[in-house]
Amino acid sequence: MQTIRKARTDAEIPAEARLRFENNGANLGYALLLMRYVDDPRKATEAQIHQAAMDTVPPVGPLFWTFRIMVALGMFFIVLTGTFFWLAARHRLDAYPWLPKVAVFSIPLPWIAAECGWVVAELGRQPWIIEGVLPTAMAVSNLGAKTLLLTIAGFVLIYTVLLVIELKLMVKAIKKGPEHESEPHLSLYEPMIKKLARGQS
């Protein structure tokens, strides 16, 4: 592989190197796992090979729980939405005043479910960026810590400013309250109201 990298064009690649690459290309990703422990994978010790092999086993505990939390929250959302739909269709929401409170307290749960899904996706594929081809350790950016810190700080600052603006606009709208019309226009709802009235009678 090093010989192929040094070649500037395909014509400069020796036939022997090309043949060896074609025969062993499917396993090169696993050989690259050794680069985390030794510069030349051909000189790896048994202990280093064993360690590289163990790196292919993802952490079971975090994946076990985050996956189940994600699925459980998904089922909860289905049940909650179905319950609201069923009660609303039968005009019985008023009989369960605690249910809207459950919905309000459930607002952060989709974000938790999304983060759990992200953990499952990202942690579950380790140690690979590309399965069987490119290990994560070899795909790390060459950006320095200061550059990354400044980037993160910039994002935090921008989103904090946007959050403050949004909160101020929301508070202003809440204090202003809804705009009431002198005579509400119910023309759009009159057919529905009449139909419901006939059904109840």
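Within region 104-128, restricting attention to residues that are within 11 Å of the chain's Cα centre (by Cα) and among the aromatic types (Phe, Trp, Tyr), the residue that is nearest to residue 84 (Cα to Cα) is 111.
Number of residues in region 50-78 that are over 18 Å from the mean Cα position of the chain (by Cα), assigned to a loop (DSSP other than H, G, I, E, B) and surrounded by 11 or more Cβ atoms within 10 Å (Cβ to Cβ): the value is 2.
Flag: residue 167 does not match the condition of being at pLDDT below 95, farther than 30 Å from residue 64 by Cα and not in a loop (DSSP other than H, G, I, E, B). For residue 81, the criteria (1) assigned to a loop (DSSP other than H, G, I, E, B); (2) farther than 30 Å from residue 21 by Cβ hold in every case but one, which is (1). May I ask you to verify whether residue 147 is surrounded by 10 or more Cβ atoms within 10 Å (Cβ to Cβ), at pLDDT below 95 and not assigned by TED's automatic domain parsing to the domain that holds residue 29? When the stated conditions are applied, residue 147 passes them.
The values are calculated or read from the model by the stated rules, or taken from the named source; none is laboratory data. From a predicted model like this one, the values you see are computed outputs, not experimental measurements. Positions of Cβ are generated from backbone atoms using ideal geometry, with glycine treated the same way; all protein chains shown enter the neighbour counts.
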